[in-house]
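The values are calculated or read from the model by the stated rules, or taken from the named source; none is laboratory data. Just so we're clear, the structure is a prediction, and the values are computed from it rather than from any experiment. Virtual Cβ from ideal backbone geometry, glycine too; neighbours counted across all protein chains shown.
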Amino acid sequence: MSQPGHPRVVVTGIGLVTALGTNAAATWASLLAGKSGICLDQPFAELPPRPLALVGSRPADLEDLLQLAVAEAIADADLALPLPDCGVVIGSSRSFQGRWEHLARGASGAEYAWLEALPHMGAIAVARQIRSTGPVLAPMAACTTGLTAIFQGYELVRRGQCDRVIVGAAEVPITPLTLAGFEQLGALATTGCYPFDPNREGLVLGEGAAVLVLESEASLRERAGPPPYGCILGAGFSTDAYHRTAPDPELRGSRLALKNCLLYSGLKPDHVGYIHAHGTGTRLNDDHEVRLLQEGFAPLPWMSSTKGATGHTLGASGAIGAAFCLLALRHGVLPPNVGDRGKGIYPRLVTEAVAAEATAALCLSFGFGGQNGVLALGR
């Protein structure tokens, strides 16, 4: 919610790289068509084939995805480099883990290469790309990383510290250790990702990046920039303090995050026209989200998860979801729950792209360690 004396924060540019496409237009078109970027694959000979959502034919590099997404977002916002006063908030939950695994196997030059693979170096790479001397933040908050990054950037603008901030997250989790870890947890699907299906199998790991340009309305007016996609209304965050990987069955943490998001955004439940769910396709998460929404909303809003199309991009998933919410608000079309098999456990699941003039949308993220995030966006 914009407080008196504080600027309203709008989104003027979007950059997207997913298994559906290497830009926002291609990704959005494929999503609305119900396509999926998931296919049976395995780039590592020592592991069995699994459904994966790769951007290319081989595992991607974090900086490559960020460079593409940042360049698209800046061009979309009708901005030009350099952007010396622009803040940067770019997160990742696993960052350069693939590089670390490569270095651990004895790669040459390892004594120096690790310096460019520290967890915050994705954000530093973006600052270098836009030639910024503004504040640089690199949040890591499991699967809520993307929403955390957006909200931190929103606060930099709202408080007047920056007129403009590049925000978002990227993830390249297709690595041997990540796959083995999720396999040990029993969380990986064997044929595909089917969010909110009664017989859902688990999650599918995916690569991706989403970058937004946030700025104050005053800054946008001064430069006569393009019409904004929408605005950031507010957010709510909490931690379960319950379990390393399982959500609190009593919903205490997620309920608090939802409550605070609605409160600080100035929204009532019936103002929300669409919810982009975390929707991982795991038994615990999907059941948890359905119970949260059934408790918090009457009547129920439209809801979908897009992880059946993009895979689960972990820390980048919230930023990708927020981008989809903004595109839905601008175009008046709700994205489908790709992977739906006709028996969803949520009554108002968007099973195919549907025209709907929503004025406010929520994006939900829930991560390991009981991290809960809810972001509100307005048209």
For the range 17-50, name all the residues that are in contact with a strand residue (DSSP E or B) (Cβ under 6 Å, 6 or more places away or on another chain), crowded, with 22+ Cβ neighbours inside 10 Å and under 14 Å from G311 (Cβ atoms).
V17, T18, A19, T27, G37, I38
Residue pairs qualifying under the 6 Å Cβ cut-off, at least six apart or on distinct chains, with the first in the range 46-65 being under 23 Å from S30 (Cβ atoms) and the second being acidic (D, E) and surrounded by fewer than 22 Cβ atoms within 10 Å (Cβ to Cβ), are L52/D41
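Would you mind stating whether R200 is touching a residue at least 24 places away in the same chain (Cβ under 8 Å), basic (K, R), crowded, with 23+ Cβ neighbours inside 10 Å and more than 23 Å from R159 (Cα to Cα)? Even if it seems obvious, please write down each step before you answer.
Numbers: touching a residue at least 24 places away in the same chain (Cβ under 8 Å): yes; basic (K, R): yes; crowded, with 23+ Cβ neighbours inside 10 Å: yes; more than 23 Å from R159 (Cα to Cα): yes.
Yes.
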Note on A127: of the conditions (1) touching a residue at least 60 places away in the same chain (Cβ under 8 Å); (2) buried (at least 16 other Cβ atoms within 10 Å of the Cβ); (3) touching a Ser or Thr at 6+ places or on another chain (Cβ under 9 Å), unmet is (1)
Among R244, R255, R221, which is the only one that is of a type in the set (K, R) and under 27 Å from G160 (Cβ atoms)?
R221
Hits in the range 325-349 - residues which are in contact with a helix residue (DSSP H, G or I) (Cβ under 8 Å, 6 or more places away or on another chain) and either under 13 Å from I275 (Cα atoms) or hydrophobic (A, V, I, L, M, F, W, C) (or both)
L327, V333, L334, P335, P336, N337, V338, I345, Y346
Among (1) hydrophobic (A, V, I, L, M, F, W, C); (2) touching a strand residue (DSSP E or B) at 6+ places or on another chain (Cβ under 6 Å); (3) crowded, with 24+ Cβ neighbours inside 10 Å, which single condition is V338 missing?
(2)
Taking the range 199-247 as the region of interest, how many residues are under 24 Å from I345 (Cβ atoms), more than 19 Å from the chain's Cα centre (by Cα) and assigned by TED's automatic domain parsing to the domain that holds I130?
3
